[in-house]
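Down below is the structure, laid out as structure tokens.
The values are calculated or read from the model by the stated rules, or taken from the named source; none is laboratory data. Treat the numbers as computed from the prediction; the structure is a model and nothing was measured. Cβ placement follows ideal geometry from the backbone for every residue including glycine, while neighbour counts extend to all protein chains displayed. Quick note on the areas: whole protein, heavy atoms, side chains included, nothing else; ligands and nucleic acids left out. Shrake-Rupley method; radii C 1.70, N 1.55, O 1.52, S 1.80 Å.
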Amino acid sequence: MDNTILGIDDPYDFFPDDIRTELFIRIGSHYFKDKIWKEWSNATKAIVPVIMKHSDACGQSFPSQTRIAVYSGITEKSVRQGLKGLEDFRDFGIKKEITKRGWLKNKYWLKPAKRNEKEAIFISHAFFNGGNWALLSSCAKAIYPVLQYFCFWDFDLYGELEEIVESPSDFVDVYRDRKYDFLNAEPEAIAEYSGISERSISSAFQSLMKCYFIESLGTIDNRMTWKLFKQPPWIFNDYLNEQVRKRYKPKETFTY
């Protein structure tokens, strides 16, 4: 479980220096194939990856609503709206528990994707710990997992862009250490799987570029093509920690 420890001297360091590039959340392919993701509200789409980021191997987690709000880039009220959207989801559960200090907390459960599940998507914790996810527009949060679902990798194109002189026998090593995947999905397909209108996709892509999730490669084989970064090349943790300090008063307590 990636529970970022809040420092004693500075309890508002939600976004740590160690952004945990070795950790990834996994979202099962059925979220997209069965149109589960599409039907959720933007608030639900914003918080589900954040809850997954805090989850252990069994899918259990206990972040506070404030913590979810900060990492999701939305308000606590929107978090509650997002949680309400999960009430009928069979792979989600929530219950109240009392801590040893007598505090009430929510315990969440999201059924984890199987480790060997084909077509599951992976998103690095670095995008959450670095604040990149929090700064995305709501439409960008809605389409990004869909872009991951549609992305692909091309050994020859990657080698050309990175000026790598490798033989096909080096495929496994190059693939493991790759910096990005590729995307050339059509707007209609992205809209269909994300629940976002086609007219909103252009602005969502602008947000994703601004927050270092994607980069344009222009037109390749008559299709708009993009890099989807495996890790963010730039993060916003210092800036967002300062924003959290300004928003919340010192007397407020942040729990998991």
>> I'd like the full set of residues that are touching a residue at least 24 places away in the same chain (Cβ under 8 Å), surrounded by 14 or more Cβ atoms within 10 Å (Cβ to Cβ) and not charged (D, E, K, R), limited to the stretch 166-190.
In response: 180, 182, 183, 184, 185, 190
>> Being crowded, with 17+ Cβ neighbours inside 10 Å and either out of contact with any strand residue (DSSP E or B) (no Cβ under 9 Å at 6 or more places or on another chain) or of a type in the set (Lys, Arg) (or both) is the filter here; which residues of the stretch 82-104 pass it?
In response: 82, 85
>> For the stretch 39-54, check the following and say yes or no: at least one residue is charged (D, E, K, R), buried (at least 21 other Cβ atoms within 10 Å of the Cβ) and in contact (Cβ under 8 Å) with a residue 60 or more places away in the chain.
In response: yes
> If only one of 112, 145 is touching a Cys at 6+ places or on another chain (Cβ under 8 Å) and under 22 Å from residue 28 (Cα atoms), which one is it?
Replying inline: 112
> If a residue has to be out of contact with any Lys or Arg (no Cβ under 8 Å at 6 or more places or on another chain) and either on the phi > 0 side of the Ramachandran plot or part of a loop (DSSP other than H, G, I, E, B) (or both) to count, how many in the stretch 31-67 make the cut?
Replying inline: 9
> If you take the residues of the stretch 143-160 that are open to solvent by 40 Å² or more (accessible area, probe 1.4 Å) and touching a residue at least 40 places away in the same chain (Cβ under 8 Å), which of them is nearest to residue 185 (Cα to Cα)?
Replying inline: 150
> Looking only at the stretch 110-121, which residues are over 17 Å from the mean Cα position of the chain (by Cα) and within 18 Å of residue 48 (Cβ to Cβ)?
Replying inline: 114, 117
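Conditions tested, residue by residue: (1) basic (Lys, Arg); (2) within 26 Å of residue 180 (Cβ to Cβ); (3) more than 11 Å from the chain's Cα centre (by Cα).
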residue: 46; (1), (2), (3): no, yes, no
residue: 84; (1), (2), (3): yes, no, yes
residue: 93; (1), (2), (3): no, no, yes
residue: 123; (1), (2), (3): no, yes, no
residue: 138; (1), (2), (3): no, yes, yes
> Can you pull out the residues in the stretch 38-61 that are closer than 17 Å to residue 129 by Cα and either of a type in the set (Val, Ile, Thr) or touching a Ser or Thr at 6+ places or on another chain (Cβ under 9 Å) (or both)?
Replying inline: 46, 47, 48, 49, 50, 51, 52, 53, 54, 55, 61
>> I'd like the full set of residues that are of a type in the set (A, V, I, L, M, F, W, C) and closer than 21 Å to residue 23 by Cβ, limited to the stretch 43-68.
In response: 46, 47, 48, 50, 51, 52, 57, 58, 62, 68
